[in-house]
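Okay, structure first, notes after.
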Amino acid sequence: MMYMWNGFSMISKRPELTEGMMQTLADAERTLLESPANEYSVDDRCLIHLLKGLCLKNQGLLQAAEECFNKVFSSEKKIRFDHYLVPNALVELSLLFIDQGRRDEAIKLLHKAKHNYKEYSMESRTQFRIHAALAKLKADPGEEEDTHL
């Protein structure tokens, strides 16, 4: 819920909160690795990667953050329940690219997130973020690009 309600942008201003969140995520990751796999394991691992990526981005560890977001995307076919993870990881990766001046890559990811994923939890919130990012880039939000990368 903290992610969905923009909590990570708030903790980004307080490094000790990001460090505390990273510790919580490391503990959760360790517990997950020590537990027997179940039908939720991949989804749980991807959620940890998404949140970890946000913390790493807040800490300025951009390559590590990018790797976390890509791990979520590469697990797309294995996610069983939390279908919001992939489009949100793509949005976060695109925002990271925007910060790095990688505009064209960001636009492609935003269009992919917008057009390739439907009927997931909090979709309208994610679509709003996509539209806002495209508007910031002054890219046509309806523009059709190759979204099947």
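Quick look at the values:
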{"item": "Conditions (1) at pLDDT 95 or above; (2) not in a helix (DSSP H, G or I); number of the one not met by I48", "result": "(2)"}
{"item": "First in segment 34-52 and touching a residue at least 24 places away in the same chain (Cβ under 8 Å), second anywhere and in a loop (DSSP other than H, G, I, E, B) and surrounded by fewer than 13 Cβ atoms within 10 Å (Cβ to Cβ), Cβ under 9 Å, 6 or more apart", "result": "E39/R80; E39/F81; Y40/R80; Y40/F81; V42/R80; D43/R80; D43/F81; L51/M2"}
{"item": "Residue satisfying all of: in segment 81-128; assigned to a helix (DSSP H, G or I) and basic (K, R); nearest to L56 (Cα to Cα) among these", "result": "R103"}
{"item": "Lone qualifier among K71, K114 - being closer than 20 Å to M22 by Cα and not aromatic (F, W, Y)", "result": "K71"}
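The values are calculated or read from the model by the stated rules, or taken from the named source; none is laboratory data. The structure presented is a predicted model; accordingly, all values stated were derived computationally and were not measured. Cβ sites come from the backbone with ideal geometry, for glycine too, and all protein chains shown count toward neighbours.
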